[in-house]
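**Student:** Sharing a structure below in structure tokens format, with a few things to ask.
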Amino acid sequence: MKHFVKGLTASVALAAVMATSVVAEEIKKGGTLVTVIGTNVRNLNSAVQSGIATGFPGSQLFASPLRYDENWDPQPYLAESWDVSEDGLTVTLNLVKNAKFHDGTPLTSEDVAFSVDVIKANHPFKSMFAPVESVDTPDAHTAVLNLSQPHPALMLAMSGQLMSIIPKHIYGDVPVEEVKTHPRNNENPVGSGPFKLLEYKSGEHVILERFDDFFMEGRPYLDKVVMRIIADPAARAIAYENGEIMLGAFEQAPRIINRLKKVDSLTVTPKGYGAIGPLDWLAMNTQSGPLKDVRVRQAIAHAVDKNFVHKAIMQGTAADSRTGIHPDSPLYNGDVPDYPLDLDKANALLDEAGFPLKDGTRFALTIDFGWPDVKPQVEYVKASLKKVGIDVTVRASADFPTWAKRMGEMDFDMSWDTVFNWGDPVIGVHRTYVSSNIGKGVWSNTQGYSNARVDELLDMAAKESDPAKRKALYDEFQMIIATELPVYHVNTLPYHTVFNNKVKNAPMGIWGTSTPIDMVWIDE
């Protein structure tokens, strides 16, 4: 299965594909775009570090083989074309021939092979490249990934921040297992992306400048990108309002989002986060006391009013979510059981499960949370469950590591959690539901959920290359988990991108700002 655009370079092909999203105005090159990151950047090297804070600078410094458009279709980037064998066991990347690293060294297939080794050794998302057994480099511009089994998730894993190609001649001076702590990750990092590092000050800013020898002709349009690090959402809001900040992403505070929507000079949009796939849910330990009974879990769902969460707590900024796959994903199945507020049904289910009401109480549970932003949701769950006789104690952790330890050890009854899909379900969804991943640390299957059919479906879906057949497998999976409720899915995390209306071609794909902004320009 060959994938290429005949007669076009990667640069021209991408421009043609994205033409519909380009404003019909004359592009103005140059200028400095001042942006913002809401948390400190610990590591600029996205080949070894996950997270959205690393993703923004990492995707500008380092290029990946592919990039995705807003329709979830792969597009050429470092790979001008690619070929998946009929048996799905080899993926051949045909690299552009003019890519250079920021130090002027040509990028070759050896760097691709090296980068795969580094990612496998250091990146926390082990499932991304687990089936990749080796990478052949028959010539300087051909990399052949050899797989132990078909792995359709690989396509998304080769885009955004997930497969940053790093230079072997810079980072290969230490064993691959030690690249995560390489001094060149934050000091003079070298990539092949549209921008190179000018200055990084931890807790203050990341400043990038145009890479003049970028392999896509005429790109990037900007001369400089300043990424200010501002942790306080209110301070970011003021900076947006007064024009100090022209672009920011991953804003999630409902009050701030709605405030900024009223500013005429700003565009505030939730578009572009489908691959990040952030979801809020109520996790339930299926191996703990009354929660072992599916009827109890369903009763809890009927007692917690999603609409209240959506309207009162999230203030209309978040979308409904019914399964572990993000609603923006082409693999999402929204036609699954939902649980509208119904206290009579909740009480009936609890009675049926053998937990009668005695002196106003049926049983007691705990609920945990890992960060203060979700305390309103947790307190609401407590108040809601009291109405059906469940006495809930809220447990606040001293810090995030304390909460994460509790989750990883399954020392909890319920917890309000936020989990990301990270592109393909194999990367960010399977980990929550497969029985082989029970209690393997935070964001594993901390619910202790085990269903042989779910294990079978996810194993088949991980290998199924036919899109329609794969969708059917995930549809059945979502139907099962929406019925058995190891997790009560409540809403998407309301990530929004905020940008000044002078900013053109703001990132609206599927990766938020964890994607190159080489086509962004300023109309002033």
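The values are calculated or read from the model by the stated rules, or taken from the named source; none is laboratory data. On a predicted model such as this, the values are computed, not experimentally measured, just so you know. All Cβ positions, glycine included, derive from the backbone under ideal geometry; neighbour counts span all protein chains shown. Keep in mind that these areas ignore ligands, DNA and RNA; they rest on the heavy atoms of the full protein, side chains included. Shrake-Rupley method; radii C 1.70, N 1.55, O 1.52, S 1.80 Å.
**Student:** Ranked highest first by average number of other Cβ atoms within 10 Å, how do 232-238, 425-431, 397-403 line up? Walk me through the intermediate numbers first.
**Tutor:** On the way: 232-238: 15.6, 425-431: 25.3, 397-403: 13.0.
With the highest mean Cβ count within 10 Å placed first, the list reads 425-431, 232-238, 397-403.
**Student:** Mind checking which of M246, S192, G55 is farthest towards the positive end of the chain's charge dipole, using Cβ charges of +1 (Lys, Arg) and -1 (Asp, Glu) about the Cα centre?
**Tutor:** The residue sitting most towards the positive pole is M246.
**Student:** Relative to the longest principal Cα axis of the chain, at what angle does helix 52-61 sit, 0 to 90 degrees, rounded to 10?
**Tutor:** On a 0 to 90 degree scale, this one is about 10.
**Student:** Kindly express, to the nearest 10 degrees and within the range 0 to 90, the angle between helix 343-352's C-alpha long axis and the longest C-alpha principal axis of the chain.
**Tutor:** 70 degrees
**Student:** Can I ask one more? Round to the nearest 10 and give me the degree value, 0 to 90, for the angle of helix 467-484's Cα axis relative to the longest principal axis of the chain.
**Tutor:** Result, in degrees: 30.
**Student:** Still on this structure, I have one more. Using 1/(1 + (r/R0)^6) with R0 = 45 angstrom and r between the beta carbons of A319 and E110, what's the FRET efficiency to the nearest 0.05?
**Tutor:** Details: r = 44 Å, r/R0 = 0.97.
The formula returns an efficiency of 0.55 here.
**Student:** As a test question: what accessible area, to the nearest 10 Å², does E178 have when a 1.4 Å probe is rolled over all protein chains in place?
**Tutor:** Per-residue accessible area (E178): approximately 90 Å².
**Student:** Using θ = phi - 60° and the Karplus relation 6.51 cos²θ - 1.76 cosθ + 1.60, list the HN-Hα couplings for the stretch 298-303 in order, rounded to whole Hz, with x at every Gly or Pro.
**Tutor:** Each residue of the stretch 298-303 in turn: 5, 4, 4, 4, 5, 8 Hz.
**Student:** Report, ordered by chain and residue number, the aspartates and glutamates lying within cross-link reach of K440, taken as a straight Cα distance under 15 Å and ignoring same-chain residues fewer than 8 apart.
**Tutor:** Leaving aside aspartates and glutamates fewer than 8 places away in the same chain, those within reach of K440 are E409, D411.
**Student:** Could I ask something else about it? Using a 1.4 angstrom probe on the protein heavy atoms only, could you order E133, E379 from most to least accessible area?
**Tutor:** Correct descending sequence by accessible area is E133, E379.
**Student:** For I238 and R453 in one chain, what is 0.36 nm times their gap in residues minus the Cα-Cα distance, to one decimal in nm?
**Tutor:** Using 0.36 nm per residue and subtracting the Cα-Cα distance, I get 72.3 nm.
**Student:** What number, in percent, do you get for the relative contact order of the chain if the mean sequence gap of Cα pairs under 8 Å and at least 6 apart is divided by its residue count?
**Tutor:** 21 percent
**Student:** Excluding ligands and nucleic acids, what accessible area in Å² is computed for M479 using a 1.4 Å probe, to the nearest 10?
**Tutor:** 80 Å²
**Student:** Through the Karplus equation 6.51 cos²θ - 1.76 cosθ + 1.60, θ set to phi - 60°, convert the phi angles of the stretch 375-382 into ³J(HN,Hα) values in whole Hz; use x for Gly and Pro.
**Tutor:** Per residue, the Karplus-derived 3J(HN,Hα) values read 4, x, 5, 5, 5, 5, 4, 4 Hz.
**Student:** On to the next question. Farthest toward the dipole's positive end in the chain, which of N445, G354, F125, given Cβ charges of +1 (Lys, Arg) and -1 (Asp, Glu) about the Cα centre?
**Tutor:** Highest projection toward the positive end goes to G354.
**Student:** Please give the contour-minus-distance gain from K358 to D73: 0.36 nm per residue of separation, less the Cα-Cα distance, rounded to one decimal in nm. Let's see the in-between values first.
**Tutor:** Working: separation 285, 0.36 × 285 = 102.60 nm, distance 5.66 nm.
Full extension of this stretch gives 96.9 nm more.
**Student:** Further question on the same structure: Considering only protein heavy atoms and a probe of 1.4 Å, how much of the accessible area of the chain is carbon and sulfur, as a whole percent?
**Tutor:** Whole-percent figure for carbon plus sulfur exposure: 51.
**Student:** Another question about this same structure. For labels at E178 and D373 in the simple 7 Å Cα→Cβ model, what's the distance in nm?
**Tutor:** 3.7 nm
**Student:** Work out the length of the dipole vector of the chain about its Cα centre, built from +1 on the beta-carbon of each Lys and Arg and -1 on the beta-carbon of each Asp and Glu, and round it to the nearest 20 debye.
**Tutor:** With Lys and Arg at +1 and Asp and Glu at -1, about 1000 debye.
**Student:** Could you report the chain's accessible area per residue, 1.4 Å probe, as an integer in Å²? Write out the running numbers ahead of the final one.
**Tutor:** On the way: 20180 Å² over 524 residues.
I get 39 Å² per residue for this part.
**Student:** Here are some pairs, K375/K504; K100/K261; K224/K262; K120/K471; K306/K358; K168/K201; which of them have Cα atoms lying more than 32 Å apart in this structure?
**Tutor:** Exceeds cut-off: K375/K504; K100/K261.
**Student:** Which FRET efficiency value, to the nearest 0.05, do you get for A383 and K126 by plugging their Cβ-Cβ distance into 1/(1 + (r/R0)^6) with R0 = 35 Å? Can you show the working numbers first?
**Tutor:** Numbers: r = 40 Å, r/R0 = 1.13.
Calculated value: 0.30.
**Student:** Further question on the same structure: Go ahead and estimate [θ] at 222 nm for the chain from helices alone: -39,500 (n - 2.57) per DSSP H run with n ≥ 4, summed, over the residue count, rounded to 500. Write out the running numbers ahead of the final one.
**Tutor:** Values: 15 runs with 136 residues, N = 524.
That comes out to -7500 deg cm²/dmol.
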